């Protein structure tokens, strides 16, 4: 379900009213948010989708009940919820700090009683097998319904049930003082493998199948390609990464298992489900127990975020996409060099406005139901280095890649060459996470190579004697270099294929024939919008903060009038119809 639609407005009004009424009853409120998130994922108001299937409903209910019973029988009660050491404490720390905290940080309390059944460690894998077989059976019953959302919900809740059980099994296998054991490490590895298999099947099966068949054809072995109709579940990349982080943190001893209902609310929460931010259990679950007064909602901040996000998406992103970006990337050879350059810059602004706009809306919507999600963007186009760019762009993904990929690969603890390899591998895999396409791999390779080169240059400067003061123009040159390479990488991210990306770059260098020229008025307006958007990155953070504080001090009637005028302006300035958010496809 898309955020800037009337359907979502109706959905959220119902959810907000229910949340305000039920928040004092914490358990009932959890169930309400969980079922609302499932309803959101089903997108029942979309006429193209069939409502939840009775057979799937019965099977999911039976799986949920059986999972809860098996986990309680196998691992005992009560559920462990107190956290003395939180993985979330390492988010703002550097690589070495995160590494040391992950290994020797404060551990969860040992006071909780655990009674582990001898056969408990087989329970998660039995649940996993049952879900796989159940989904296959549903596919046999309803082969024509492969793209209906009740199938996608089955995948999402399957990830919930399996990872909740795997986390409990991992916790039960930890040694004294929550130290890792061979058994706990084996369970964590298998949990990561199961989650990656789910992600790999839906996102990469056809990609790797075509790749290997092409290699066989090059060897003279003609093999007929099997026909596989695989529909990508909405948000599979995001909820799989969040599930992995939970089980890994439990295995590291920095996160205690949480109640299954809490984990279900966390993983399915509608505000961040579709396109992030990538939230961790330690950031989300403690807020479920917060004593929230429904009469004291941070509504001013929330509505400011929602309107700002809609301006970014509906006005900025959609206009640039329709005016310059889509025409240039569709027929680069038919546009002049200036138009191609503006199309590339326009996409840099489009994807930022689109994704950060979604994040603003998601954070604002979550605030209205009493949940604060982490910040995901911090003026990334003002960065003076590639490391700084990734501290500002998709910040929750950057931290995930650092803590669960870069550091386990060795981080910066080995030789300089090994560090460079780890950087490049991390970004290559980060690119592959975005999609099964060579363009994403090249995009990740550009960023990985830039990060490695930058680190090598920084080390070389540190070794020089004496250290010279940088010239006054150095920050400007650094900004131009960083922003230029980022925009170059965006060409591969946006283009449908590697060939199309090089066609755009070729038109940038050599220019096109100009047969599909963009009207001068539209070109000037798009260029102005790009310039203003880049300039806005350098506005001090205190300026919007003060504006938000002053807005919060206005009378509710005045706030409502300002918000109403803002929405009217968004509707008037936005194009007819709004394209889906870019990251919905990931």
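The values are calculated or read from the model by the stated rules, or taken from the named source; none is laboratory data. Here the structure is a predicted model, which is why all the values come from computation and not from measurement. Here the Cβ is made from the backbone with ideal geometry for all residues, glycine too, and neighbour counts use every protein chain on show.
When we screen 543, 524 for residues that are part of a helix (DSSP H, G or I) and under 30 Å from the mean Cα position of the chain (by Cα), the only hit is 543. Of all the criteria given as (1) in the same structural domain as residue 121 (by TED's automatic domain parsing); (2) at pLDDT 60 or above; (3) farther than 30 Å from residue 169 by Cβ, the one not satisfied by residue 62 is (3).
In this structure, is residue 501 touching a residue at least 12 places away in the same chain (Cβ under 8 Å) and either touching a strand residue (DSSP E or B) at 6+ places or on another chain (Cβ under 9 Å) or under 22 Å from residue 351 (Cβ atoms) (or both)? For residue 501, the condition - touching a residue at least 12 places away in the same chain (Cβ under 8 Å) and either touching a strand residue (DSSP E or B) at 6+ places or on another chain (Cβ under 9 Å) or under 22 Å from residue 351 (Cβ atoms) (or both) - is met. Scanning the range 269-282 for residues that are part of a helix (DSSP H, G or I), modelled with pLDDT of 90 or more and within 15 Å of the chain's Cα centre (by Cα) gives a single hit, 281.
Here residue 369 fulfils each of the conditions (1) under 24 Å from residue 541 (Cα atoms); (2) crowded, with 23+ Cβ neighbours inside 10 Å; (3) under 22 Å from the mean Cα position of the chain (by Cα) apart from (1). If residue 237 meets every condition in (1) surrounded by 19 or more Cβ atoms within 10 Å (Cβ to Cβ); (2) more than 21 Å from residue 438 (Cα to Cα) apart from one, which number is that one? So residue 237 meets the others, but not (2).
Looking at this structure, is residue 322 surrounded by fewer than 23 Cβ atoms within 10 Å (Cβ to Cβ) and over 30 Å from residue 188 (Cβ atoms)? If you could, list the steps in order and put the result at the bottom.
Numbers: surrounded by fewer than 23 Cβ atoms within 10 Å (Cβ to Cβ): yes; over 30 Å from residue 188 (Cβ atoms): yes.
When the stated conditions are applied, residue 322 passes them.
Only residues that are part of a loop (DSSP other than H, G, I, E, B), out of contact with any helix residue (DSSP H, G or I) (no Cβ under 6 Å at 6 or more places or on another chain) and more than 23 Å from residue 305 (Cα to Cα) were counted in the range 323-372, giving 2. For beta carbons closer than 6 Å, sequence separation of 6+ or different chains, a first residue in the range 156-173 that is assigned by TED's automatic domain parsing to the domain that holds residue 248 and a second that is outside any helix (DSSP H, G or I), the qualifying pairs are 167/257; 168/257; 171/257; 172/116; 173/181.
Counting only helices (runs of 4 or more DSSP H) that fall entirely inside the range 375-490 and contain at least 3 residues that are touching a helix residue (DSSP H, G or I) at 6+ places or on another chain (Cβ under 7 Å) and within 27 Å of residue 207 (Cα to Cα), the qualifying elements are 395-401, 416-434, 438-463. State whether one or more residues within the range 210-222 are in contact (Cβ under 8 Å) with a residue 40 or more places away in the chain and either surrounded by fewer than 17 Cβ atoms within 10 Å (Cβ to Cβ) or touching a helix residue (DSSP H, G or I) at 6+ places or on another chain (Cβ under 7 Å) (or both). Looking through the range 210-222, none of the residues is in contact (Cβ under 8 Å) with a residue 40 or more places away in the chain and either surrounded by fewer than 17 Cβ atoms within 10 Å (Cβ to Cβ) or touching a helix residue (DSSP H, G or I) at 6+ places or on another chain (Cβ under 7 Å) (or both).
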